[in-house]
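Please read the structure below before turning to the comments.
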Amino acid sequence: MDLHYTDAQTAFRTEVRDFLAEHLPSRLSDKVRNGQSLTKADHEEWHAILNARGWLAGNWPVEHGGTGWDAVQRHIFEDEMTKAHAPRIVPFGLAMLGPVLMAFGSEDQKSYWLPRILNGDDWWCQGYSEPGAGSDLAAVRTSAVRDGDDYIVNGQKTWTTLGQHANMIFCLVRTSTEGKRQEGISFLLIDMNSPGITVRPIVLIDGGAEVNEVFFDNVRVPAANLVGEENKGWTYAKYLLTHERTNIAGVGFASAGLEQLKRIARAEQSGGQPLIKNPLFAARIAQVQIDLMAMATTNLRVVSAAAAGQAPGAESSMLKIKGTQVRQEINALTMQAVGPYAMPYVSEALEGDNDPVGPAYAQARTRQYLNNRKLSIYGGSNEVQRSIIAKAILEL
Amino acid sequence: MNFDLTEERQMLQDGLRRYLRDQYTPALLSQIADSETGWSDAVWAGLAEIGVIGALFTEDQGGFGGAGFDIALVAEELGRVGATEPLIDTGLLGGGLIAALGDADQQALLEEVIAGHRQMALAHSEPGSRYDLSRVATTVTDGKLSGRKAVVVNGGAADRLIVSARSSGDVADEAGISLFIVDADAPGLTRRGYPLTGGGHAAEITLDNTPGTPLGAAGEGYQALAQVHARATLAISAEAVGLMDAIRTLTTDYLKTRKQFGQPIGKFQALQHRMADMLIEIEQARSAVINLAGHVDADALVRDTHVSATKTLVGQAARLVAEESIQLHGGIGMTQEYALAHLARRLVMVDHRFGDTLYHTERFVALAVA
C-alpha cells in the first residue's frame, strides 16, 4: 500500500502541467471554465496542438502514433488537462474507433484511417443508438444489405453527438435477422457525405444542439468499409465500450467543478457574508468533497489494477454511477450558488460572445446542470450499471 | 502508487483471518455475551501471540508495524467477524499514549500491553463533552484527580486507566490538559460497568481525590490525545469496512437462497439495485479508509482533514448498510439469534465513537471547505 506516485510519475505530471501552461490558449480554457460552447474550430485547434506534441492519442500504442502511456500516465494526463480547463479530447475517433481498428481492422483500414484520425482529416461520430435501441443496444434495426461490392444501408441513428461536425460515422448495422440478435450485427464505416444521408439536430433541454438524428435512405457503402467480419460487430462494439474506461469516473471533471463551485461560493454573498460561510451550503459542499476524495481513490484502485494488466470489469460500473452522482451534485450546487442569475438565458453569451447578464461565471450554470442530466443516462444508464453490478459482482 | 499489501502484511492478514474464522463461532459469541468483560480472554491471548497487538506499534516501541496500513489491516479483520476484543482501547488508546508520552519506567507497561498481559482504557470523555476532544472539566489538585468520566470503553476490564484532567485554562481549551496513569483500584475511584449495544463493556467512572502518576508534561496532553484519536478513528473505520463486508456476504447469500413468488428474491431488480448501491458505498468506505491510513501520520491539518472525511463517509455508509441489510433480509433480519443482529448493531454504533457524521462534517467544513 502506497498512495504516492513514483518519481517518474511526478516528473511526468510536471511535464504535462508545464506544457499546458505554455500551450493551452487562454481563449479556450476561459470558455471551458465558464461552461461555454466550443466550436468545431476550437476543438480542431486544440487537437492539432496536442498532436504536434505527440500527446493526442493517450491510449494508442507508439507504433500507430500514440503515446504508449500506461493507465496511470493516462490518468495523470487527464487529471492535469481537466485541472487546466483544457477542452476534452473529442473521443469518437481517438478513444473509440481507433482501438477497434487496431484490434479488428484490416491492414489497409489501419494504415488509411488511423493517421487521418491523428491529423484531424476526419471528424468521426458514433452511430450506435436508435429510436428503438437505447440501453438495449442489441435491438439495432438499421439494415445493411450486400449488393455487389457495396452495402445498401437503410434506417435511423439517434443521439449522434457532434454529428453536425462529422464527415464519417461508425455504425452498428443489422446484416442478419437469423439466430440471436447479437449475432446479426456488423460494424460499418460510412461517409456522411454519401447520397441518402440526412442529419437533423435535436435541440436538448438546455437549449443546445450537440446531438443529432441521422437518417439513411438507400445509402451505398463500399464493402471495404466493413470492419472485421460480417455479423461479428457486437464483439467489436463491446470491445469499444469497455476499452477506454479509466476516465469513466470523471474525477478530473469533478475536481475542476468543485474548485469552480467553491470559487463561486466565495464570490456570492448571502446574508451579508460569502455564501460559503453559510453552514447549510458549506455542509453540502463538504459532502460532495468527501465523496470525491473517496471516489478519487476508488478510481486509482481500478486504474492501478488496469496498469497491472487486469481489465477493469464491473468495477467501472461502480465508478460510472458514483462519478455521475458526484458530478451532477456539483452541477446542482453550482446552479444553486449563482442564485437568481441562474435564470437568464442569453444564448449569445453561452456561445462565448461575452456580454453576460450578471457575473461571467453564472451565465452557463443552468445550462450545464441541465446538459449533465445526460451523465446518468448515456453510456449505459445508471440503472443498467446497477444490474451489471448485481449480476457480475454480486452474482445475484 | 500501489494498492497491494506487502508480503509481511499479506501473511499477517491471512493468519489473522484464519485464526478469527476458527475462533469466532456462535458458541464463542454467546460465551462473550455472558462474560464480565464483553470479550474473550483466550482470543485476546491468541491475538497477542499472532502479533496483532504488536502490529499497532513501531519497532522502536517494541512492535513490528505501527503504520496506518497496519492498523487498518488488523482492525478490518476483527470487524469481519464482529470481534469485540479491546484492540482500540488497550492497544491504540492506552498503549498509544504510553508509547507517545511514557518515561522509561512507564514504557514497561507498553511491553505488557503488547504481550497481551495488561488491559487499559482511556478515561477522557465526560458527561456533556460529547465528541469535543478539548472539553475537560475533571480537576487535578496536588496530584489528586476529581471528576466524572463517561462511557469509558473497556473501563471495567482495565487494570490501568489513563485519565485526563484540566490543570489550567478554560474548560474547552486545548492547552492545560494533563494525563495520568491511574490504578483501577485506586482510592476514590468508583466504576459502574455495563454492556454496550455493539458488544464489549464500558463504565461510568467517578474520581474523588484519586491519586495518579503523571503521563507526559503537565498541561500538554492534547496533541497526543488528538494523535491517538486519529489512529483510533482509522481503526474503527477499518473495522466498519470489515463489518460491512461481512454483512454484504450474509445479505447476498440470503438473497440467493430465500425464495418468494417462486424464485430467489435476489432475482428481483428492486432488491438487486439496492444491493448495488450498498456495494458502491462499501467500496467508497474502503477507499476512505485507505486515504486515512495513508495520512494518519501526516501533519495535523492534513491528518484531521482525512479523519473527518473518512469518519463522515464511513458513518453514512454504516447506517445505509445496516438499515438496508435488515430490510433486505425481512423478518429474519429483525431476530437477535441471526448473525446479522450483532454485526448490524456493532456497525450502527460506529457512528457514536470518536465523532459522528454531524460532528465530522462540521469539522471538515472548518478544515477544508470554508
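The values are calculated or read from the model by the stated rules, or taken from the named source; none is laboratory data. This structure is a prediction, so every number in the text was calculated from the model and none was measured. Glycine also receives a Cβ, built like all others from the backbone with ideal geometry; neighbour counts cover every protein chain displayed.
Structure above, values below:
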item	result
Extreme residue, surrounded by the fewest Cβ atoms within 10 Å (Cβ to Cβ), among residues of segment B:308-333 that are in contact with a His (Cβ under 6 Å, 6 or more places away or on another chain) and over 18 Å from A:LYS322 (Cβ atoms)	B:SER308
First in segment B:8-30 and more than 21 Å from B:HIS342 (Cα to Cα), second anywhere and part of a helix (DSSP H, G or I), Cβ under 6 Å, 6 or more apart	B:ARG9/B:LEU73; B:GLN13/B:LEU73; B:GLY15/B:ILE50
Flag if B:HIS295 is surrounded by fewer than 24 Cβ atoms within 10 Å (Cβ to Cβ) and touching a Phe, Trp or Tyr at 6+ places or on another chain (Cβ under 7 Å)	no
Filtered residues of segment A:378-396 (kept if part of a loop (DSSP other than H, G, I, E, B) and within 11 Å of B:THR252 (Cα to Cα))	A:ILE393, A:LEU394, A:GLU395, A:LEU396
Options A:ASP70, A:ASP108, A:ASP136, A:ASP149; residue that is over 17 Å from the mean Cα position of the chain (by Cα) and within 30 Å of A:ALA11 (Cβ to Cβ)	A:ASP70
Of all residues making up segment A:246-286, the number that are assigned to a helix (DSSP H, G or I) and either more than 21 Å from A:GLN325 (Cα to Cα) or more than 7 Å from chain B (Cβ to nearest Cβ) (or both)	24
Condition check for B:THR305: within 14 Å of chain A (Cβ to nearest Cβ), over 30 Å from B:ASP253 (Cβ atoms), buried (at least 19 other Cβ atoms within 10 Å of the Cβ) and without any contact (Cβ under 8 Å) to a residue 60 or more places away in the chain	no
Flag if B:THR233 is away from every other protein chain (no Cβ under 13 Å), of a type in the set (Ser, Thr, Tyr), crowded, with 19+ Cβ neighbours inside 10 Å and assigned to a helix (DSSP H, G or I)	yes
Residue within segment A:234-250 that is β-branched (Val, Ile, Thr) and surrounded by fewer than 20 Cβ atoms within 10 Å (Cβ to Cβ) present	yes
Every residue from segment B:75-91 that is over 22 Å from B:ALA288 (Cα atoms) and in a helix (DSSP H, G or I)	B:ASP89, B:THR90, B:GLY91
Cβ pairs under 6 Å, 6+ apart, first in segment B:105-118 and in the same structural domain as B:ARG160 (by TED's automatic domain parsing) and within 12 Å of B:LEU56 (Cα to Cα), second at pLDDT below 95 and hydroxyl-bearing (Ser, Thr, Tyr)	none
Elements of type helices (runs of 4 or more DSSP H) in segment A:1-99, at least 1 residues being under 18 Å from A:LEU118 (Cβ atoms)	A:7-23, A:40-53, A:71-83
Scan of segment A:11-39 for residues that are farther than 23 Å from A:TYR361 by Cα and surrounded by 13 or more Cβ atoms within 10 Å (Cβ to Cβ), ordered by number	A:PHE12, A:ARG13, A:GLU15, A:VAL16, A:ARG17, A:PHE19, A:HIS23
Qualifying residues in segment B:29-43 (those that are polar (S, T, N, Q) and part of a helix (DSSP H, G or I)) - the one farthest from the other protein chains (Cβ to nearest Cβ)	B:GLN31
Condition met for A:TRP113 (assigned to a loop (DSSP other than H, G, I, E, B), touching a residue at least 40 places away in the same chain (Cβ under 8 Å) and farther than 30 Å from A:ALA364 by Cβ)	no
Total residues in segment B:243-274, condition assigned to a helix (DSSP H, G or I), more than 10 Å from chain A (Cβ to nearest Cβ) and more than 18 Å from B:VAL321 (Cβ to Cβ)	1
Test: residue in segment A:360-374 that is more than 14 Å from every other protein chain (Cβ to nearest Cβ), surrounded by fewer than 19 Cβ atoms within 10 Å (Cβ to Cβ) and assigned to a loop (DSSP other than H, G, I, E, B)	no
Scan of segment A:292-308 for residues that are at the interface with chain B (Cβ under 7 Å from one of its Cβ atoms) and out of contact with any Ser or Thr (no Cβ under 6 Å at 6 or more places or on another chain), ordered by number	A:MET293, A:MET295, A:LEU300, A:ARG301, A:SER304
Answer residue from segment A:376-395, given it is free of Cβ contacts under 8 Å to residues at least 60 places away in the same chain and in contact with a helix residue (DSSP H, G or I) (Cβ under 6 Å, 6 or more places away or on another chain) and is nearest to the other protein chains (Cβ to nearest Cβ) among those	A:ALA390
Residue within segment B:178-194 that is surrounded by 23 or more Cβ atoms within 10 Å (Cβ to Cβ) and in contact with an Asp or Glu (Cβ under 8 Å, 6 or more places away or on another chain) present	yes
Failed condition for B:ALA158, given (1) in the same structural domain as B:ILE205 (by TED's automatic domain parsing); (2) surrounded by 15 or more Cβ atoms within 10 Å (Cβ to Cβ); (3) without any contact (Cβ under 8 Å) to a residue 60 or more places away in the chain	(3)
Filter result for the condition that a residue is out of contact with any Phe, Trp or Tyr (no Cβ under 8 Å at 6 or more places or on another chain), modelled with pLDDT of 95 or more and over 30 Å from B:ALA72 (Cα atoms), over A:HIS43, A:HIS85	A:HIS43
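Yes/no per residue for (1) assigned by TED's automatic domain parsing to the domain that holds B:GLY242; (2) buried (at least 22 other Cβ atoms within 10 Å of the Cβ); (3) part of a loop (DSSP other than H, G, I, E, B); (4) not hydroxyl-bearing (Ser, Thr, Tyr):
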residue	(1), (2), (3), (4)
B:MET11	no, no, no, yes
B:ARG17	no, no, no, yes
B:ALA27	no, no, no, yes
B:ALA45	no, no, no, yes
B:GLU59	no, no, yes, yes
B:LEU73	no, yes, no, yes
